[in-house]
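Visitor: Dumping the structure here so I can ask a few things about it.
The values are calculated or read from the model by the stated rules, or taken from the named source; none is laboratory data. Because the structure is predicted, anything quoted here is derived from the model rather than measured. Here the Cβ positions follow ideal geometry from the backbone for every residue, glycine too, while neighbour counts run over all protein chains shown. These accessible areas exclude ligands, DNA and RNA; they are computed on the full protein's heavy atoms, side chains included. Shrake-Rupley method; radii C 1.70, N 1.55, O 1.52, S 1.80 Å.
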Amino acid sequence: MWRLGSGVFVGFRLTGPAFLPLDRHVVIAGPTRSGKTRLAKKIVARARLPAVVLDWHGEYGGVSVDPHLLKISIEGLDKKLLCEILGLALNLNEPSVYFLYRAVRNRELRTLRDVVVALDEFLVSTKSEVEMKAAIARRLEYVIDVFEGGRVPADLVFRSRRVVSVDLSSLKLYEERVLVILFVLASLYNYLFSRGIAKGVERLLVIDEAQNVLRRGDVVKHLVFESGKYGLRVVFVTNEMPPPEILVHSTLVVTRPHRVYNLEVRGSALLRDDSVERIWIV
């Protein structure tokens, strides 16, 4: 009952059951307490696919991993991508991101501690560079504790055939949560890339409170767009309407309309390309 081809049952429309296609990424949008998380849980359960849930508030339950125990290796990440991720999470400006890249580009990196060491040993010659180096180091020290005690390899989570939640609610800093989301997204992309092109949908990645990462530059968009060909479907759960580039590659479910969304719908709706369909979520 829950599946029809590549679609997942989400409720009813005027003419019968409503199925959410999984041939694209999914955006679940709606104001606070409109049922976004409840719908995301149902999609994950009914899809019967392996899934990783980046759980902002600790609401999804099931098999859960404390992010402090998650071991994320940066060894396989492109150095430019690594610096972009750190820059996005720590709100570094473009000169600071490039400075960080200069510090790490010729170094062997396995952990974030290696990044800190490379930055500390990088020679500078001007007062402005000294100040920039110190500022980047301070911001790194704020978040590095998250990855110091990791014992559960991220690849082990990605290989699981179950639904695994990463409980971000245990992290106190906003920057820590964003950094974990970006690293998981990049690491999962690398893992799927190593497996090659997929013939169909193989797994889900649910990003709760996705508005915190959706507007953080082209890196996020690139990872999301490219991951689709490797069998990943990202489910964005957000209270803000994503950028148009994301919507073009997604099916949008609105749990409850809001005037700021600028959509001509009066209730829950399924939007795809130029099609708008009223649905009743079950």
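Visitor: Taking the Cα centre of the chain as the origin, how large is its charge dipole in debye, to the nearest 20, when only Lys and Arg (+1) and Asp and Glu (-1) carry charge on their Cβ atoms?
Guide: Dipole of the chain, to the nearest 20 debye: 1080 debye.
Visitor: Under a cut-off of 17 Å between alpha-carbon atoms, report the aspartates and glutamates in cross-link reach of residue 133, not counting same-chain residues fewer than 8 places apart.
Guide: Straight-distance partners of residue 133: 84, 94, 114, 120, 121, 141.
Visitor: Give me the number: length gained by fully extending residue 33 to residue 15, i.e. 0.36 nm times residue separation minus the C-alpha to C-alpha distance, one decimal in nm.
Guide: Working it through step by step, the gained length comes to 3.7 nm.
Visitor: Let me ask something else about it. Mind checking which aspartates and glutamates have their Cα closer than 13 Å to the Cα of residue 41? Skip sequence neighbours fewer than 8 apart in that chain.
Guide: Partners found: 55, 59, 208.
Visitor: Additional query: Sort 126, 255, 15 by accessible area with a 1.4 Å probe, largest first.
Guide: 15, 126, 255
Visitor: Same structure, new question: Find, among the GluC sites (Glu not before Pro) in segment 104-156, those assigned to loop by DSSP (not H, G, I, E, B) with at most 15 other beta-carbon atoms within 10 angstrom.
Guide: Listed in order of number, the matching sites are 108, 148.
Visitor: Ordering 133, 71, 127, 41 by how much accessible area each has at a 1.4 Å probe, largest first, what is the list?
Guide: Descending accessible area places them as 127, 71, 41, 133.
Visitor: Counting pairs of Cα atoms in segment 161-282, how many percent are more than 18 Å apart?
Guide: 58
Visitor: Using Cα pairs under 8 angstrom and six or more residues apart, how large is the relative contact order of segment 190-282, in percent?
Guide: Across segment 190-282, relative contact order equals 24 percent.
Visitor: Another question, then. Which length gain, in nm to one decimal place, applies between residue 156 and residue 277 when the Cα-Cα distance is subtracted from 0.36 nm times their residue separation?
Guide: Additional length available on full extension: 39.6 nm.
Visitor: State the answer as a single residue: which of 99, 18, 43 lies farthest towards the positive end of the charge dipole of the chain, with beta carbon charges of +1 for Lys and Arg and -1 for Asp and Glu, about the Cα centre.
Guide: My answer, from the dipole projection, is 18.
Visitor: With the other protein chains left in place, how much accessible area per residue, in square angstrom, belongs to the chain at a 1.4 angstrom probe?
Guide: With the other protein chains kept in place, the chain gives 49 Å² per residue.
Visitor: Another question, then. Taking the dipole about the Cα centre of the chain, with the C-beta of Lys and Arg at +1 and of Asp and Glu at -1, give me whichever of 134, 225, 201 is farthest to the positive side.
Guide: 201
Visitor: Binning at 10 angstrom from zero up to the longest distance, how are the C-alpha pair distances of segment 137-187 distributed in percent?
Guide: Histogramming segment 137-187 at 10 Å steps yields 21, 55, 21, 3 percent.
Visitor: Which of the DSSP-defined H helices in the chain satisfy a minimum axial length of 24 Å, computed from C-alpha atoms, and a minimum mean Kyte-Doolittle hydropathy of -1.0?
Guide: Going by DSSP H runs, the hits are 127-143, 174-195.
Visitor: Please identify the GluC sites (Glu not before Pro) of segment 1-105 that satisfy two criteria: DSSP loop assignment and at most 14 other Cβ atoms within 10 Å. Which are they?
Guide: 75
Visitor: I would also like to ask the following. If I compute solvent accessible area with a 1.4 Å probe over the protein chains, what percent of it on the chain is carbon and sulfur?
Guide: On the chain, the fraction of accessible area on carbon and sulfur atoms equals 50 percent.
Visitor: If you don't mind, there's one more thing I want to ask. For segment 28-71 and segment 146-209, what is the separation of their C-alpha centers, rounded to whole Å?
Guide: Taking the Cα centre of each part, segment 28-71 and segment 146-209 sit 12 Å apart.
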